[in-house]
1. Residues that are surrounded by fewer than 18 Cβ atoms within 10 Å (Cβ to Cβ), aliphatic (A, V, I, L, M) and within 17 Å of Asp113 (Cα to Cα): does the range 37-51 have at least one?
2. Can you pull out the residues in the range 10-50 that are of a type in the set (A, V, I, L, M, F, W, C), free of Cβ contacts under 8 Å to residues at least 40 places away in the same chain and out of contact with any strand residue (DSSP E or B) (no Cβ under 9 Å at 6 or more places or on another chain)?
3. If a residue must be over 13 Å from Ile74 (Cα atoms) and not in a loop (DSSP other than H, G, I, E, B), how many such residues does the range 1-14 contain?
4. Within the range 69-77, can one find any residue that is closer than 30 Å to Lys131 by Cα and free of Cβ contacts under 8 Å to residues at least 12 places away in the same chain?
5. Failed condition for Val119, given (1) surrounded by fewer than 22 Cβ atoms within 10 Å (Cβ to Cβ); (2) touching a residue at least 40 places away in the same chain (Cβ under 8 Å), with all others met?
6. Name the residues in the range 69-121 that are among the aromatic types (Phe, Trp, Tyr) and either within 18 Å of Gly11 (Cβ to Cβ) or out of contact with any helix residue (DSSP H, G or I) (no Cβ under 6 Å at 6 or more places or on another chain) (or both), would you?
7. All but one of (1) farther than 16 Å from Thr16 by Cα; (2) among the β-branched types (Val, Ile, Thr); (3) buried (at least 22 other Cβ atoms within 10 Å of the Cβ) hold for Ile133, so report the exception by its number.
8. Among the candidates Gly58, Gly99, Gly124, Gly108, single out the residue that is small (Gly, Ala, Ser), under 10 Å from the mean Cα position of the chain (by Cα) and surrounded by fewer than 20 Cβ atoms within 10 Å (Cβ to Cβ).
Amino acid sequence: MKLRGRALVVGDDIDTDQIIPAVYLTSTDPVELGKHCLEGYAEDFPSRIRQGDILVAGDNFGCGSSREHAPWAIKGAGIQCVIAKSFARIFYRNAINIGLPILECPGGLPAEDGDEIEVDLDSGIIRNLTKNIEKSAEPFPDFLQEIIQAGGLVEYARRRING
């Protein structure tokens, strides 16, 4: 599966409180959470997000608490994929569980806000089309791609049970 979108760039050590501040944790609605996505990082960040954007981050993205609200907020905001140098392990698992594609790109992806990014989830190839840069990430194994394509672990299990 290939994704293409506009880059939104954040730095290193973006924690779950920056992704979705604790004051909004009374909701589990991804769309409602998405209205406040990365508000703790930059107050105006939610207004900069467009449907189909690709978030490009540095090291240790999603560190902090184990709340699923963080990937829900990202997905609910309309961000279709996250690329980072590295992810906090619990965020990585939570993202897969809710069907949010994420790719770990060693060394990071050189990008600026607005660059056009293309991601091939099957091969792990990431391209910054604006800067003509290509990087490789470890592609998801087939079973994880099936979970992502199903929209998350619950829907994947539901489909498996129902045949």
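1. Looking through the range 37-51, at least one residue is surrounded by fewer than 18 Cβ atoms within 10 Å (Cβ to Cβ), aliphatic (A, V, I, L, M) and within 17 Å of Asp113 (Cα to Cα).
2. Filtering the range 10-50 down to residues of a type in the set (A, V, I, L, M, F, W, C) leaves 10, 14, 19-20, 22-23, 25, 31, 33, 37-38, 42, 45, 49.
Remaining after also requiring free of Cβ contacts under 8 Å to residues at least 40 places away in the same chain: 22-23, 38, 42, 45.
Matches in the range 10-50: Ala22, Val23, Ala42.
3. 7
4. Checked the range 69-77: no residue is closer than 30 Å to Lys131 by Cα and free of Cβ contacts under 8 Å to residues at least 12 places away in the same chain.
5. (1)
6. Residues of the range 69-121 that are among the aromatic types (Phe, Trp, Tyr), as a first pass: 72, 87, 91-92.
Scanning the range 69-121 gives Phe87, Phe91, Tyr92.
7. All conditions are met except number (3).
8. Values: Gly58 fails: under 10 Å from the mean Cα position of the chain (by Cα); Gly124 fails: under 10 Å from the mean Cα position of the chain (by Cα); Gly108 fails: under 10 Å from the mean Cα position of the chain (by Cα).
Residue meeting the stated conditions: Gly99.
Where a number appears in this text, it was derived from the coordinates with a stated rule and is not lab data. Note that this is a predicted model, so its numbers are computed, not measured. Methodologically, a virtual Cβ is constructed for each residue, glycine included, from the backbone with ideal geometry; neighbour enumeration extends over all protein chains shown.
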